[in-house]
Amino acid sequence: MATVRLTYFDGRGRAEGVRLLLAACLFQFTETLLQERQEYEKLLEDGKLMFHQVPLLEIDGLELVQTPAIVRYVARKGGLYGHSNEEKSKWDYAMTAPAGVEKNDFDSEYRRLSEELHQLRLEDKKAELRREIDRLKVKLTCEQDDHVNREVNQSEGQRRQDSGANGSGQQLGNMATVRLTYFDGRGLAEGVRLLLAACGIEFTETLLQERQEYEKLLEDGKLIFHQVPLLEIDGLELVQTPAIVRYVARKGGLDGHSNEEKSKIDMFYEGTRDFYSYFLKIGFLDPKEVLATAKAKALPRYLPIFDQVLKKNGTGFLVGDSMSLADIGLIEVLLSVTEYFGEETLSDYPSLKAFKSMMVSQERIAAFLKGPQKKRGNTDAYVATCRTVLKLDI
Ligand SMILES: N[C@@H](CCC(=O)N[C@@H](CS)C(=O)NCC(=O)O)C(=O)O
């Protein structure tokens with residue numbers, strides 16, 4: 001294969017895991033170890049650092065940034081990303097560095113998961129395939145039912161409004177209850193809610209109020225890293241937001257086709273997460289300061305980047321010609337941008353403006369935005385509940 005080049009610093013940082021993974025996959029690589037500001041500026045000028053950040057991995061003619069996107073591309077290429085959606089989700093959460101969890105906990109959890117994966121591969125493969133076939137059968141039946149329902153609804157001129165449902169039209173499947181556990185606020189869960197809605201997956205919510213509810217989840221072994229959100233779906237208990245959204249995106253067909261397309265979706269999605277991280281702090285820190293920082297740092301960095309990507313792709317979506325996880329990430333953050341800074345913030349970014357109006361008028365998204373499951377900002381009550389339940393010191 002043509003030269004694989006990793007650009008970072010002469011240190012571990014975010015690149016060491018990439019080095020280890022490349023080595024484990026037996027992919028030879030060379031390195032550019034940055035020493036001077038000019039070298040970094042040259043990379044920016046050459047348009048190699050989409051989000052102005054390293055590491056950068058040049059591989060197969062692609063210029064990959066965002067470590068989570070890089071490692072997933074390499075793992076898929078090296079056949080280390082798992083087989084079924086369930087296996088992939090375990091890889092995803094094992095790869096997500098758990099903040100605040102002791103290294104030993106993580107190591108033993110990692111060993112346990114590796115062992116579990118091994119067992120799955122050798123012994124449970126058949127059962128898993130049978131389950132997958134059953135799921136597909138259910139999905140097919142429900143899609144047929146939904147198709148009929150939609151026709152009935154259209155002729156009646158009214159939208160189906162199941163109690164507890166998100167109010168969107170077609171549903172992905174009448175599968176066993178999908179349950180999202182978090183707080184009565186946006187935080188890390190709002191993107192999951194939006195994604196589930198966009199995929200037409202109905203879900204119910206457990207909105208934590210008391211410390212005991214959280215402790216019960218811990219006792220039941222549902223929160224392996226002691227954190228929410230938790231998504232119970234298809235008999236699985238998924239934690240780690242990056243793993244959750246990828247599981248749902250794969251299930252809903254919003255994860256792209258080729259390895260190249262998937263890596264673009266990952267890169268852009270991770271860029272939206274860095275962008276969104278500014279808004280996550282509202283309520284936990286002084287909102288004025290948080291918004292001032294977002295305005296000074298995040299808007300000028302990310303708005304032009306995403307506007308350009310949309311313009312260059314030319315389909316209205318960030319990747320390919322249909323909606324993906326990256327678009328869900330972007331619309332989530334744009335909704336916050338315009339909520340806090342006004343619609344005029346997008347005036348200089350025509351592609352973003354068009355993207356926003358196209359996305360919010362998608363049937364399922366429009367229904368979610370009007371519906372009861374969308375959370376209205378980080379209220380004082382939400383922040384207070386998070387602090388009490390999780391014993392947070394911020
Ligand atoms: N990497 C995790 C972070 C999850 C997280 O930090 N959740 C917070 C609530 S927003 C939590 O449960 N904190 C409790 C703790 O870390 O002890 C993810 O993406 O899901």
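Please treat every number below as a calculation from the coordinates, not as lab data. No experiment lies behind these values; they were computed from the predicted model shown. We place every Cβ from the backbone using ideal geometry, glycine too, and count neighbours over all the protein chains shown.
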**Fill in**
Taking r as the C-beta separation of Glu237 and Arg387 and R0 as 25 Å, the FRET efficiency to the nearest 0.05 is 0.50
**Request:** Order the peptides 65-77, 358-370 from the highest to the lowest mean number of other Cβ atoms within 10 Å of their residues.
**Result:** 65-77, 358-370
**Prompt:** How much length, in nm to one decimal, is gained on full extension between Ala292 and Leu62, taken as 0.36 nm per residue of separation minus their Cα-Cα distance?
**Reply:** 79.3 nm
**Full-stretch length increase - Ile394, Val360 - with 0.36 nm per residue and alpha-carbon distance subtracted** = 8.9 nm
**Prompt:** What distance in nm separates the simple spin-label points at Lys216 and Lys370, each placed 7 Å from Cα in the Cβ direction?
**Reply:** 3.5 nm
**Prompt:** Can you list residues whose amide H is under 5 Å from Thr206's amide H, if they're 5+ apart or on another chain and H is modeled 1.01 Å from N?
**Reply:** Leu180, Thr181, Tyr182
**Message:** Along the Cα→Cβ direction, 7 angstrom out, place labels at Lys48 and Thr3. What is the inter-label distance in nm?
**Reply:** 1.0 nm
**Prompt:** By its C-alpha gyration tensor, with a ≥ b ≥ c as the square roots of the eigenvalues, how is the stretch 184-230 shaped: rounded for a/c under 1.5, else prolate for a/b larger than b/c, else oblate?
**Reply:** prolate
**Item:** Protection proxy ranking of 46-56, 267-277, 325-335 - average other beta-carbon atoms within 10 Å, highest first
**Value:** 325-335, 267-277, 46-56
**Complete:** Honestly the stretch 5-81 on the Cα gyration tensor test (a ≥ b ≥ c root eigenvalues; a/c under 1.5 rounded, otherwise a/b vs b/c for prolate or oblate) is just prolate
**Asked** Roughly what would the spin-label model give for Ala23 and Tyr40, points 7 Å off Cα along C-beta, in nm?
**Response** 2.6 nm
**Message:** Assuming 0.36 nm per residue, please report the length gained on full extension of the stretch Leu207 to Ser277 beyond their Cα-Cα distance.
**Reply:** 23.0 nm
**Fill in**
Surpassing 24 Å at the alpha-carbon level, of the pairs Lys222/Lys251; Lys251/Lys295; Lys88/Lys264; Lys88/Lys391; Lys297/Lys356; Lys312/Lys374, are Lys251/Lys295; Lys88/Lys391; Lys312/Lys374
**Asked** Does the stretch 313-378 come out rounded, prolate or oblate by the C-alpha gyration tensor, with a ≥ b ≥ c the root eigenvalues, rounded set by a/c under 1.5 and, if not, prolate when a/b is larger than b/c and oblate if not?
**Response** oblate
**For the stretch 259-370, the spread of Cα positions along each principal axis, largest first, Å** = 40, 30, 25
